[in-house]
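**Student:** The structure follows.
The values are calculated or read from the model by the stated rules, or taken from the named source; none is laboratory data. Model, not experiment: these values are computed from the prediction. Cβ sites come from the backbone with ideal geometry, for glycine too, and all protein chains shown count toward neighbours. What goes into the accessible areas is simple: the full protein's heavy atoms, side chains included, and nothing from ligands, DNA or RNA. Shrake-Rupley method; radii C 1.70, N 1.55, O 1.52, S 1.80 Å.
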Amino acid sequence: MPAPLPISNADARRLFLERHALSTAAASEFCADRTLALVKHLGFVQLDSINTVERAHHLILFSRAPGYSRDHLADLHHERRDLFEHWTHDASLIPMDFYPHWRHRFLAAKARLEANPRWRERIGPDGAKVIRKVRARIRRDGPVMARDFEDKGKGSWWGWGPSKTALETLWRTGELAIARRDGFEKVYDLAERVIPDDARRERPSLAASTDFLCREALARLGFATPQEIAAFWKLVPIERAKEWTAKALKRGDLVEVSVEDTAGERRKAVAPPDIEAHIAGAPKPPSTMRFLSPFDPAIRDRPRAVRLFGFDYRIEVFVPEKKRRYGYYVLPLLEGDRFIGRADVKAHRADGRLEVKGFWSEPGIKLTKAREAGIRRALAELAGFTGTPEVDADAALRRAKAG
């Protein structure tokens, strides 16, 4: 077998950012069709309810397209049915073209839930009867939310009661689908009334879905290990991803590469045979600064962000306040092909103010006048999107310059 193809750190960054739609100049004019193309480029967009600055799905898209409108996702999901909601590594909106390959997740979820003692405890001693009643009600009355049922649960695990558990069982196993979100609450309906017929009727084999999901994951990463391929959608078990990779290498459908990290060390991965052409075609990222969501796909894999960018990032939303190093909702700041800082930001919508509670430059990054002006422009754009036009950042930037 030939020696792995060496990929420099600079080339790896450029290709990785291009695959994450962060290498093109941000488009000021956008529409639902372009939003759909962007979601397809990314593979999915993660949903999250935290609204400290903006919900993750909206901020992920805005950071790549300042002309993006929140109505675009609603239109694509609720009206056009170009997206469906289900799980990847977390709740996500996914292109409808991919729906047939989630069939195997539905089958696996059914077996897993039936064997889960905590799930059985939540649904109660007569789970089959609860599921029949919930199913019959939706078929008779149409879409429902969990709050439409009287048997609210108490205590931990979001207070799930039997009917909520039945709804989630039927959704996770593919019998129901999410018709829309009301606020941020799921509205459940029969899959046959939400998912287009051709998507529901297609039945790819497990082998076909494995091949599709591994190929599509690698296409969106540029280069990856089997572990990273498996983690992308969280649909393909690691052993199956390893098997797929080994067979593809043997056929010549993949090549081994050696990716340089920021410390000059190298790590083996796989890539398409035309990886050099992809690298040559990847544009240099614009120097325009962008604040990313804490849930952005480019930093989702924390060890990879350290290797490729030397950027050590951790979401501290779930960290007790006294143990946080930076803050509750800290946005990474990207300039060109490197992360230059992070900001603890909060949108005060009632008084129209975007507060920067703290700003920290990365080691070796100086807040020059030009760089500070770029940060303020990025904050002004973010403030416009969040409906908080007054930017309160002076104190935080002053502290950052003082070191």
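**Student:** Between ILE50 and ALA207, 0.36 nm times their residue separation minus their Cα-Cα distance comes to what?
**Tutor:** Difference between extended and current length: 52.8 nm.
**Student:** Rounded to the nearest 0.05, what FRET efficiency do PHE184 and SER8 have when you use their Cβ-Cβ distance and R0 = 35 Å?
**Tutor:** It comes to 0.25.
**Student:** Let me ask another. If Rh is defined by the Kirkwood formula over all Cα pairs and Rg also comes from Cα, what ratio Rg/Rh do you get for the stretch 75-233?
**Tutor:** My calculation puts Rg/Rh at 0.99.
**Student:** Taking only the alpha-carbon positions of the stretch 325-403 and ignoring solvent, what does the Debye formula give for the base-10 log of I(q)/I(0) at q = 0.17, 0.18 Å⁻¹?
**Tutor:** Relative scattering, expressed as log10 I(q)/I(0), comes to -0.62, -0.69.
**Student:** Rounded, prolate or oblate: which one fits the stretch 232-359, using the alpha carbon gyration tensor with axes a ≥ b ≥ c (rounded when a/c is under 1.5, else prolate when a/b beats b/c, else oblate)?
**Tutor:** Here the stretch 232-359 falls in the prolate category.
**Student:** Oh, and also: For the stretch 37-172, what is the accessible area per residue in Å², given a 1.4 Å probe and the full set of protein chains? Walk me through the numbers on the way to the answer.
**Tutor:** Values: 6060 Å² over 136 residues.
Ligands and nucleic acids excluded, the result is 45 Å² per residue.
**Student:** Would you kindly calculate the translational diffusion coefficient of the chain, applying Stokes-Einstein with the Kirkwood radius from alpha carbon pairs, for 25 °C and a viscosity of 0.890 mPa s, and quote it in µm² s⁻¹ without decimals?
**Tutor:** Diffusion coefficient, whole number: 107 µm²/s.
**Student:** Let me ask another. Largest first and to the nearest Å, give the Cα extent of the stretch 25-162 along each principal axis.
**Tutor:** Principal axes ranked by extent give 56, 34, 29 Å for the Cα atoms.
**Student:** When only Cα pairs under 8 Å and 6 or more residues apart are kept, what is the percent relative contact order across the stretch 253-387?
**Tutor:** 18
**Student:** If exposed means no more than 16 neighbouring beta carbons inside 10 Å and the site is in a DSSP loop, what's the longest run of the chain without any exposed chymotrypsin sites (Phe, Trp or Tyr not before Pro)?
**Tutor:** Result, exposed sites excluded: 1-183.
**Student:** Tell me the carbon and sulfur percent of the accessible area for the stretch 177-246, rounded to whole percent, probe radius 1.4 Å.
**Tutor:** 50
**Student:** Describe numerically, in nm with one decimal, the distance between label points set 7 Å from Cα along Cα→Cβ at CYS31 and at ALA74.
**Tutor:** 2.0
**Student:** I need the calculated FRET efficiency for the pair GLU192 and ASP148, taking r as the beta carbon distance and R₀ as 22 Å, to the nearest 0.05. It would help to have the intermediate numbers written out before the result.
**Tutor:** On the way: r = 20 Å, r/R0 = 0.91.
It comes out at approximately 0.65.
**Student:** Using a basic spin-label model with each label point 7 Å from the Cα along Cα→Cβ, how many nm lie between ARG353 and ARG200?
**Tutor:** It works out to 5.1 nm between the two label points.
**Student:** Looking at the chain, what % of its DSSP beta bridges pair antiparallel, to the nearest 5?
**Tutor:** Taking every DSSP beta bridge within the chain, about 85 percent pair in antiparallel fashion.
**Student:** Here's something else I'd like to know. Quantify, in whole percent, the carbon and sulfur part of the accessible surface of the stretch 304-367 (1.4 Å probe; protein heavy atoms only).
**Tutor:** 47
**Student:** Oh, and also: Can you list the lysines whose alpha carbon sits under 30 Å from that of LYS186, skipping same-chain ones fewer than 8 residues off?
**Tutor:** Within the straight-line cut-off, LYS186 pairs with LYS40, LYS110, LYS129, LYS133, LYS152, LYS154, LYS164, LYS234, LYS346.
**Student:** Now for a different question. Could you work out the Kirkwood radius for the stretch 211-300, taking every pair of different alpha carbons, averaging 1/r and inverting it, reported in Å?
**Tutor:** One decimal place: 14.4 Å for the Kirkwood radius.
**Student:** Okay, moving on. Once phi is turned into ³J(HN,Hα) by the Karplus curve 6.51 cos²θ - 1.76 cosθ + 1.60 with θ = phi - 60°, what whole-Hz value does each residue of the stretch 355-365 show in order, with x for glycine and proline?
**Tutor:** Computed from phi, the couplings for the stretch 355-365 are 9, 9, 6, x, 9, 10, 7, 6, x, x, 9 Hz.
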